[in-house]
Amino acid sequence: MPKLLTKSIVIASDHAGYLMKEKVKIFLSKSKIKSLDLGVFSKERVDYPDYAKKLSLLVKKRSFYGILICGTGIGISIAANRFKKVRAAVCYDKISASLARKHNNANVLCLGARLIHFKNAKKIINTFFSTKFEGGRHIKRVKKLDK
Ligand code: RB5
């Protein structure tokens, strides 16, 4: 893994993202990133807004980076983006992961477990957590998100 933005992240998923979350945690620990798992802890059906909320409150308060996983990444990102200071981006490939960091300073990566393979998820994670915000013309735009 290239040089990372952070050594610890928070992670959460709904039931559709549970298995991928478990794999992602192992991948992160191999890459020396500590993950704080906020659930879900089984494949039992849950509602993704509840897990997006748990994670978003921590990101908002403690400036953590996060990973959220649901079936598509879409529902959980919509839910997370209702919280100030959370900039959640669904990424399906390395390009979207890189631009979400460079232009949007995204702090939460959302993955769609039913739509992407784990091999691709690992590439997305590597890219997202090693790409810096470009700043410059993007600063004032990102600031406006919280106004
Ligand atoms: C759960 O079945 C599924 O709807 C959810 O994981 C997610 O894909 C919603 O956006």
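Couple of notes before you dig in:
- Share of carbon and sulfur in the accessible area of the chain stands at 54%, probe radius 1.4 Å.
- Heavy-atom accessible area per residue - the stretch 16-135, 1.4 Å, Å²: 53
- Cα-derived Rg over Rh, computed across the chain with Rh taken as Kirkwood radius: 0.94
- Divide the volume of the convex hull around the Cα atoms of the stretch 13-68 by the residue count and you get 64 Å³ per residue.
The values are calculated or read from the model by the stated rules, or taken from the named source; none is laboratory data. Since the structure is predicted, the reported quantities are computational estimates derived from the model, not experimental observations. SASA here: full protein model, heavy atoms, side chains in, ligands and nucleic acids out. Shrake-Rupley method; radii C 1.70, N 1.55, O 1.52, S 1.80 Å.
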